Structures are given as C-alpha cells and as structure tokens.
Amino acid sequence: MTSNPTEHGYLLTLRREVEQEINNYVYEVPDDAIGNRMTETAVADALAQMRGSLIDPYWVDVELRDTFTQIVTSGPAHRKCAAVADDGKGMVLLFDPIEKSFVLAQRGATGLLTFGVRGDAVGCFLSR
C-alpha cells in the first residue's frame, strides 16, 4: 500500500466502484446469443464468488498479451494496473488505467499475463 493519500483514495474509490458494479449487476443475454443462458442461481453464485474474491487494490506490473501482435512479439509490453480481485485459482481482475477498462489476467511463470478479456468488472470476472 502506498503512503500517498491520493493513490490510496484512488484505489479505495476503485474498490467501491467494483462493489457497486456487483451490487447493480443485471444479467442480460441478447436474443441472438449462442449457448445456454445462466440460471439465476448460477449468476447469484458467481457474484458471491466475485464479492469473496475482492482484495484491497494494489498496483502490479502486467504483461500485455491481448492481441496477436503482443503475443508474437519477443519483447512483450508491460503496464501498471490495479489488481482488484483474485479468485485464488490463478485469475486476477485488474483495472487498466490507460485503457480505462477492466482486464482479466492469469498468473504465469513470469507473473501476470493478460489474454484478451477486457470490459466491465463483472463481465470479465464471470468469463473466467
């Protein structure tokens, strides 16, 4: 945790925004979606898992592997993102302040790596 009160406030606000997103989440499936709709119970369970996975946000370096170019490059791009949830099974939900979006990352041998799942906090977490 940083001693900078502005940084602390930013991370605290981020945590509250994620909590609000969970509390206000409405599961919607487009009419032309492929696959089976999640049951209300499954959605409620997934949201409970997300609530239980929330952590005190902190800054972490992440390797960006979202695009084909990023995947094949020999010198991967890195970025500081805020970790906001950790499922304890290798998946971490991050907030990317440059893209202003949430991104799912996986723990690997070299640290956290993104893999192209970006968007809202709940949608990213539920796509694990």
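The values are calculated or read from the model by the stated rules, or taken from the named source; none is laboratory data. None of these values were measured; they are calculated from a predicted model. No Cβ is skipped: glycine too gets one built from the backbone with ideal geometry, and neighbour counts run over all protein chains shown.
Contact map, the range 52-64: first residue among the hydroxyl-bearing types (Ser, Thr, Tyr), second residue buried (at least 16 other Cβ atoms within 10 Å of the Cβ) and outside any strand (DSSP E or B), Cβ cut-off under 9 Å, separation 6 or more or different chains; pairs are Ser53/Phe125; Tyr58/Leu11.
Is at least one residue of the range 119-128 without any contact (Cβ under 8 Å) to a residue 24 or more places away in the chain and under 13 Å from Ala46 (Cβ atoms)?
Keep residues of the range 119-128 that are without any contact (Cβ under 8 Å) to a residue 24 or more places away in the chain, which gives 119, 123, 127.
From what's left, under 13 Å from Ala46 (Cβ atoms): 123, 127.
Yes, the range 119-128 contains at least one residue that is without any contact (Cβ under 8 Å) to a residue 24 or more places away in the chain and under 13 Å from Ala46 (Cβ atoms).
The condition of being at pLDDT below 95, over 19 Å from Gly119 (Cβ atoms), loosely packed, with under 10 Cβ neighbours inside 10 Å and of a type in the set (Val, Ile, Thr) holds for only one of Thr2, Thr41, Thr6, that being Thr6. Evaluate the following for Thr13: is it β-branched (Val, Ile, Thr) and closer than 15 Å to Phe102 by Cβ? Answer is yes for this residue.
Quick check: is even one residue across the range 28-48 under 17 Å from Glu17 (Cβ atoms) and under 17 Å from the mean Cα position of the chain (by Cα)? Show your work before the answer.
To start, the set of residues in the range 28-48 that are under 17 Å from Glu17 (Cβ atoms) comprises 47.
Okay, now just the ones that are also under 17 Å from the mean Cα position of the chain (by Cα), so 47.
The answer is yes; a qualifying residue exists.
Mind listing whichever residues of the range 79-89 are over 15 Å from Leu47 (Cα atoms) and either touching a residue at least 40 places away in the same chain (Cβ under 8 Å) or within 12 Å of the chain's Cα centre (by Cα) (or both)? It would help to see each step written out before you state the result.
Filtering the range 79-89 for residues over 15 Å from Leu47 (Cα atoms) gives 79-83, 88-89.
Cys81, Ala82, Ala83, listed by residue number.
Restricting to the range 99-128, name every residue that is of a type in the set (Gly, Ala, Ser), within 27 Å of Asn24 (Cβ to Cβ) and not in a helix (DSSP H, G or I). Listed by number, the residues that qualify are Ser101, Ala105, Gly116, Gly119, Ser127. Summed over the range 40-77, the residues that are over 15 Å from Asp96 (Cα atoms) and either touching a His at 6+ places or on another chain (Cβ under 6 Å) or assigned to a strand (DSSP E or B) (or both) give a count of 3.
Filtering the range 85-128 to residues that are of a type in the set (Phe, Trp, Tyr) and either closer than 24 Å to Tyr10 by Cα or loosely packed, with under 14 Cβ neighbours inside 10 Å (or both) leaves Phe95, Phe102, Phe125. Look at the range 23-38: where a residue is without any contact (Cβ under 8 Å) to a residue 12 or more places away in the chain and assigned to a loop (DSSP other than H, G, I, E, B) and a partner is among the basic types (Lys, Arg) and surrounded by 10 or more Cβ atoms within 10 Å (Cβ to Cβ), sitting 6+ places away or on another chain with Cβ atoms under 6 Å, you get Val29/Arg37.
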